[in-house]
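The values are calculated or read from the model by the stated rules, or taken from the named source; none is laboratory data. Keep in mind the model is a prediction, meaning the values are calculated, not measured. So basically every Cβ, Gly included, is an ideal-geometry build from the backbone, and we count neighbours across all protein chains shown.
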Amino acid sequence: MIVGLIGLGLSGKTTVFNAVTRGDAEVGSFQSQKDAFHRGRVLVPDARVDFLTEMSQSPSVVYAEVEYFDVAGFSGEKDSASESDIPQVLRESDALAHVVRAFANDSVAHPKGSINVRRDVEALDEELVFTDLLLVERRLDRVERQAKVVKDDKVRHEAEVLKKVKDILEQNTPLRSVTLPPEEEKLIRGFRFLSEKPMLIIINVGEDQIDKIDAIKAEFADLKDKPNLDLAVICGKIEMELAQLPDDDRQSFMADMGLKESALDVVIRKSYSLLGLISFLTTGDKETRAWTIKRGSTAQSAAGAIHADFERGFIRAEIVAYEDMKRCGSYPEVKKHGLMRLEGKTYIVQDGDVVIFRFNV
Ligand SMILES: Nc1nc2c(ncn2[C@@H]2O[C@H](COP(=O)(O)OP(=O)(O)O)[C@@H](O)[C@H]2O)c(=O)[nH]1
Ligand SMILES: [Mg+2]
């Protein structure tokens with residue numbers, strides 16, 4: 001699962017990327033050199049995994065992962081909106097993180113000449129919508145011509161769905177804000193529309209605004225009152241510096257600056273959640289691990305995240321809610337209190353479920 005960083009030039013994308021990946025990235029290229037990107041794997045911080053590791057004294061611990069892309073040479077760094085400005089690699093992302101500049105820095109020019117968070121948020125949305133519109137118009141044109149020549153229900157249906165999508169986009173509505181019927185959703189999936197991707201808005205504030213982070217969050221809270229959208233406020237520059245420190249130093253440094261929680265942890269967790277992902281957990285004397293599944297997965301398909309045999313030979317899942325496990329502190333205690341549930345194939349796995357699968361092969 002990939003989160004692509006997007007935003008105006010000099011808004012702090014690379015700074016945020018270096019912070020989330022702790023400077024540990026690989027450089028890759030995708031299709032063309034123009035689309036060169038930096039890619040970094042990021043572990044999703046999870047206090048539940050930490051607790052269970054301690055509880056079971058597991059020598060091995062595995063966190064969930066998300067990947068981030070920082071697209072080098074994204075010419076959105078010019079201040080123009082044309083289709084070719086959006087690198088192909090962003091289409092491959094499963095979600096976007098829009099870094100919006102709020103920090104003042106006289107030595108770093110703002111491409112639009114002034115700081116204005118709302119303007120930049122709206123402008124990027126318009127650009128995404130516009131890009132999708134070009135794509136859908138081109139395809140619709142072809143499909144409509146085809147529909148005239150061959151009388152084919154499938155072709156006619158595609159034309160109808162594309163027309164509907166075009167109408168939505170023409171009202172300047174990003175596709176992420178609308179829910180299409182699953183069958184229409186499937187038909188347009190191949191286009192990988194940019195405005196359809198869930199988006200995290202990251203407001204990048206300056207060092208001098210650290211004590212105003214809560215106020216800024218409140219000021220822009222309305223921005224996230226839309227489907228598939230979330231908001232984080234961070235100081236990219238400080239987070240990048242924090243990310244380079246050893247764990248212990250980081251804690252004391254954060255305390256000194258009055259930072260309550262790592263903003264990066266929030267960014268990473270929110271990305272994970274926007275991607276529609278949840279974790280179920282397994283724990284034992286060998287390993288504690290967070291397993292990534294799509295929200296809404298059944299117990300049987302979740303078992304497949306571990307091994308195909310678990311899914312094929314699924315008998316049942318033994319489930320303990322994380323909070324119950326935390327309260328009881330061990331499997332024997334959980335059982336004593338009758339808090340372990342037996343669930344069948346169709347049970348919908350919840351975020352934080354601690355699971356043992358029973359299967360036979
Ligand atoms: N003062 C300040 N400068 C920042 C902050 N974030 C980024 N910058 C600076 O802004 C410039 C552009 O940042 P960069 O991450 O390269 O932006 P990108 O073009 O979006 O990748 C660099 O000189 C950064 O040091 C911040 O939070 N505070
Ligand atoms: Mg950059």
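When ALA95 is tested against (1) surrounded by fewer than 19 Cβ atoms within 10 Å (Cβ to Cβ); (2) at pLDDT 90 or above, exactly one condition is not met: (1). When region 1-20 is filtered for residues that are more than 6 Å from ligand 1 (Cβ to nearest atom) and of a type in the set (A, V, I, L, M), the ones remaining, listed by number, are MET1, ILE2, VAL3, LEU5, ILE6, LEU8, VAL16, ALA19, VAL20. Scanning region 327-361 for residues that are hydroxyl-bearing (Ser, Thr, Tyr), under 16 Å from THR282 (Cα atoms) and exposed (fewer than 14 other Cβ atoms within 10 Å of the Cβ) yields a single hit, SER330. Considered as a group, the residues in region 180-211 that are more than 24 Å from GLY4 (Cβ to Cβ) and assigned by TED's automatic domain parsing to the domain that holds ALA95 include one that is nearest to ligand 2 (Cβ to nearest atom), and that residue is GLY206.
Scanning region 202-233 for residues that are assigned to a strand (DSSP E or B) and more than 14 Å from ligand 1 (Cβ to nearest atom) turns up LEU229, ASP230, LEU231.
Here is a yes/no grid of residues against (1) exposed (fewer than 15 other Cβ atoms within 10 Å of the Cβ); (2) at pLDDT 85 or above; (3) within 16 Å of ligand 2 (Cβ to nearest atom); (4) in the same structural domain as ALA243 (by TED's automatic domain parsing):
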| position | (1), (2), (3), (4) |
| --- | --- |
| SER29 | yes, no, yes, yes |
| ASP35 | no, no, yes, yes |
| HIS38 | no, no, yes, yes |
| ARG41 | yes, yes, no, yes |
| SER56 | no, yes, no, no |
| ASP70 | no, yes, yes, yes |
| ARG101 | no, yes, yes, yes |
| ARG119 | yes, yes, no, no |
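Scanning region 179-201 for residues that are assigned to a loop (DSSP other than H, G, I, E, B) and surrounded by 16 or more Cβ atoms within 10 Å (Cβ to Cβ) yields LEU180, PHE191, ARG192, PHE193, LYS197, PRO198.
For (1) among the hydrophobic types (A, V, I, L, M, F, W, C); (2) loosely packed, with under 14 Cβ neighbours inside 10 Å; (3) over 21 Å from the mean Cα position of the chain (by Cα); (4) in a strand (DSSP E or B), each residue gets a yes or a no:
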position: ARG269; (1), (2), (3), (4): no, no, no, no
position: TYR272; (1), (2), (3), (4): no, no, no, no
position: ILE293; (1), (2), (3), (4): yes, no, no, yes
position: GLY304; (1), (2), (3), (4): no, no, yes, no
position: ARG316; (1), (2), (3), (4): no, no, yes, yes
position: ILE319; (1), (2), (3), (4): yes, no, yes, yes
position: MET325; (1), (2), (3), (4): yes, no, yes, no
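Restricting ASP214, ASP230 to those that are modelled with pLDDT of 95 or more and either away from ligand 2 (no atom under 16 Å from the Cβ) or touching a helix residue (DSSP H, G or I) at 6+ places or on another chain (Cβ under 8 Å) (or both) reduces the list to ASP230.
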